[in-house]
Amino acid sequence: MSQVNGAGSPRLIDVQDVTRVFHVGGEEVRALRGVSFGISRGEWVAIIGQSGSGKSTLMNVLGCLDTPSSGRYMLNNKDVSHMTDDELAVVRNEEIGFIFQTFQLLPKETALSNVELPLVYRGMRAKERRERARAALAKVHLEHRMHHRPNELSGGQRQRVAIARALVAEPSMLLADEPTGNLDSATGEEIVRLFEELHRAGNTLVLVTHEPKLAARCPRAIRLSDGEIVADGPGRQVALGDLHAPPAQAAGGS
Amino acid sequence: MSKAVRVDVMEGARIAFFSLGANRMRTVLTTVGIGIGVATLLAIIGIIQGLNASFDKQLASLGSNTLQVSKFPWVIKGDWWMYRNRKNFTLPQVEQIRAQAPFIAAISPIVGRNGDVGFNGQQLSTVDVFGVTQEYFAIGSWQVMSGRSLTDADNAVTRPVAVIGATVAEGLFPGINPLGRSIRIDGRPFQVVGTLARKGKLLERDQDLAVMVPFKTFYSTFGKGRPFSISMAVDQGQDIRKAEEQLVGIVRRVRGTPPGAPDDFSINRPEQLAQTYEQLTGALYGVALGVGFITMLVGGIGIMNIMLVSVRERTREIGIRRALGARKRTIVVQFLMEASAVSAVGGLLGTIVGLGTAKVVSLITPLAADVQAGTIMGGVGFAALVGLLFGIWPAARAANLDPVEALRYE
């Protein structure tokens, strides 16, 4: 499987001693207490933890929806820890493909229009946008449903539209937040297979979940607890505590 | 257009119109508020503009190069009795003025009264009967339609002849040629020697309900007690204001007004009527604008309210757009465009209703409504501007939403 490295650091994501402190009603909540790790291109990493472990906060920081209180976050050789709001919007548009538990599709727009949206904000002309969106929908096997609105699609189809939307702008990484959480197990399995396909195609995937079974299928998993990393290793081992799992392939693609 | 601006404007416009279509009922209700404001403004402005236009036309019928020297001013300010005690003009004074003012193209004494004019059992009341000389017809731009105008010879021998206005001709001689007929003016016989082309109304007074007789005939028939004024036309191309200034000196000399004493006569110009008229409509304009602004304010608050609802409803949409790369500015533009589009639609509806109202008013009342193209553009543009202003706060709120919170919003 081919793999492209950035010019400087081989790591796509480099998180150094990141903290995130919230002030809720005069009280300090330390959601992240100095987290450090790296993710290379082509990796598929699960971030697991109980609710309240800080994994949602970490996902928001990784997704550039939020900035760390301290520490440094390098994404694709860019320090995004102190970027302005508008700069972060550009980074989100170019580097990150979001996949949400609740799909987060615009209900009044067709599947095609939904998939086009990231390219709209990139300023791409309508014709090229349309072609790329069609191609992305084909990748998730939905080309026959592209003129349907989300409420005319099944849950699995909606999530595949969301995945197409995440893929269409060719981001550096896909960031999925409980992508199977709102799906039945058969449909969830479909989506996981799709992730495996995407992983084999060389995409970098970060998957935030509380489901150990799902995390176990990822080559690598990071476990968070109380805002700190408590384990980082092969998915099966970290998620299920299975010490006989094959060693992690932390620094590269499969 | 830079790429970022293109994204903001194109996508903003697309979303704005999409959203207007999606909430049709709400859009209509919101636009009504702005629409009423614009309609009120336009209807009132239309009626005032109509009044102005017809007044301008009426003034033009007097001739822009005419002056009238008289004991009385047209617009009386203060004590009427003050003017009454001024000395009357005399005919030799008219000739002296003519001799001393080279810029005068035509000059005529004019004396008038209201009278009844009858023919063959028919009678018209409150007809303006004027005593004038031959030159008068060149001053008020009167056109002889048939027959002839009055001559110096008519005046010299006090012939009982008359030139009649269009309304008199139509009223007394339906289907009959009036030339050579004998009419009675307050019981005195006059022979019709000419008819005049129609001039139209001046301040709701029919200028064609008039009869002209020779100046001297007027006095010999109706008595000497009445003072006369002096009408004159200055040369074309002569500055009327300068002419007026020079005329003041000439008339003072002719009348022997002592130096230092105030003028014992008035020089009247159509423009003075216009000034009085403008003072009147200026106040009306002010009230109209005030009412319009208040309605627009109410409409604008309606827009703001609906935009706040729209922002709340679309919190998740905003979160999604922000996550996918929309900048704050893009969101601001989106909501501003939506707000001004709603307002502009209201402005358009209001324009149609306002123009319709003005039109109806002009049909069922003597008020003439007239709306200029600029006013229509102004109405729509102003409405859009109101939408823009009242959209700023909701748009800023939308853009300042935390994307993480917005995505979680149920």
*Return the only residue of B:ASP186, B:ASP208 being farther than 25 Å from B:VAL251 by Cβ and in contact with a helix residue (DSSP H, G or I) (Cβ under 6 Å, 6 or more places away or on another chain).*
B:ASP208
*Can you run down the residue pairs with Cβ atoms below 7 Å, 6 or more apart or on separate chains, where the first is in segment A:97-118 and over 18 Å from A:GLY156 (Cβ atoms) and at pLDDT 95 or above and the partner is surrounded by fewer than 22 Cβ atoms within 10 Å (Cβ to Cβ) and β-branched (Val, Ile, Thr)?*
none
*Being at pLDDT 90 or above and among the hydrophobic types (A, V, I, L, M, F, W, C) is the filter; apply it to segment B:128-138 and report the residue that is farthest from B:LYS216 (Cα to Cα).*
B:VAL129
*Of all residues in segment A:36-59, how many are out of contact with any strand residue (DSSP E or B) (no Cβ under 7 Å at 6 or more places or on another chain) and buried (at least 24 other Cβ atoms within 10 Å of the Cβ)?*
0
*What is the one condition in (1) surrounded by fewer than 23 Cβ atoms within 10 Å (Cβ to Cβ); (2) away from every other protein chain (no Cβ under 14 Å); (3) among the small types (Gly, Ala, Ser); (4) under 22 Å from B:VAL7 (Cβ atoms) that A:SER113 does not satisfy?*
(2)
*Among (1) at pLDDT 80 or above; (2) touching a helix residue (DSSP H, G or I) at 6+ places or on another chain (Cβ under 8 Å); (3) surrounded by 19 or more Cβ atoms within 10 Å (Cβ to Cβ); (4) not basic (Lys, Arg), where does B:VAL32 come up short?*
(3)
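Tell me the residue from B:PRO270, B:PRO258 that is in contact with a strand residue (DSSP E or B) (Cβ under 8 Å, 6 or more places away or on another chain), more than 14 Å from chain A (Cβ to nearest Cβ) and more than 30 Å from B:PRO394 (Cβ to Cβ), please.
Values: B:PRO258 fails: in contact with a strand residue (DSSP E or B) (Cβ under 8 Å, 6 or more places away or on another chain).
Among B:PRO270, B:PRO258, only B:PRO270 is in contact with a strand residue (DSSP E or B) (Cβ under 8 Å, 6 or more places away or on another chain), more than 14 Å from chain A (Cβ to nearest Cβ) and more than 30 Å from B:PRO394 (Cβ to Cβ).
Scan A:LEU174, A:LEU207 and give me the residue that is at pLDDT 95 or above and in contact with a Cys (Cβ under 8 Å, 6 or more places away or on another chain). Reasoning before the result, please.
On the way: A:LEU174 fails: in contact with a Cys (Cβ under 8 Å, 6 or more places away or on another chain).
A:LEU207 is the lone residue from the list that is at pLDDT 95 or above and in contact with a Cys (Cβ under 8 Å, 6 or more places away or on another chain).
Per-residue answers, yes or no, for (1) over 19 Å from B:ARG14 (Cα atoms); (2) without any contact (Cβ under 8 Å) to a residue 40 or more places away in the chain; (3) within 37 Å of the chain's Cα centre (by Cα); (4) more than 11 Å from every other protein chain (Cβ to nearest Cβ):
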| residue | (1), (2), (3), (4) |
| --- | --- |
| B:GLY299 | yes, no, yes, yes |
| B:ARG314 | no, no, no, no |
| B:GLU317 | no, yes, no, no |
| B:ARG327 | no, no, no, no |
| B:THR330 | no, no, no, no |
| B:SER343 | no, no, yes, yes |
| B:THR351 | yes, no, yes, yes |
*Restricting the search to segment B:1-24, which residues are farther than 19 Å from B:ARG322 by Cβ, of a type in the set (S, T, N, Q) and either more than 10 Å from chain A (Cβ to nearest Cβ) or touching a helix residue (DSSP H, G or I) at 6+ places or on another chain (Cβ under 9 Å) (or both)?*
B:ASN23
_So A:ARG132 ticks every box in (1) farther than 26 Å from A:VAL15 by Cβ; (2) facing chain B (nearest Cβ under 8 Å); (3) free of Cβ contacts under 8 Å to residues at least 40 places away in the same chain but one. Which box is left unticked?_
(2)
*asked:* Quick check on my filter: what residues within segment B:274-295 are crowded, with 17+ Cβ neighbours inside 10 Å and more than 18 Å from B:GLN49 (Cβ to Cβ)?
replied: B:THR295
*asked:* Checking A:ASP66 against (1) farther than 27 Å from A:GLN157 by Cα; (2) within 14 Å of another protein chain (Cβ to nearest Cβ); (3) surrounded by fewer than 17 Cβ atoms within 10 Å (Cβ to Cβ), only one condition comes out false. Which one?
replied: (3)
_Output for segment B:140-166, where each listed residue is crowded, with 23+ Cβ neighbours inside 10 Å and not in a loop (DSSP other than H, G, I, E, B)_ = B:ASP154, B:ALA162, B:VAL163, B:ILE164
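The values are calculated or read from the model by the stated rules, or taken from the named source; none is laboratory data. Note that the structure is a prediction, hence the values are computed from the model and not measured. Reconstructed Cβ throughout: ideal geometry from the backbone, glycine too, with neighbour counts over all protein chains shown.
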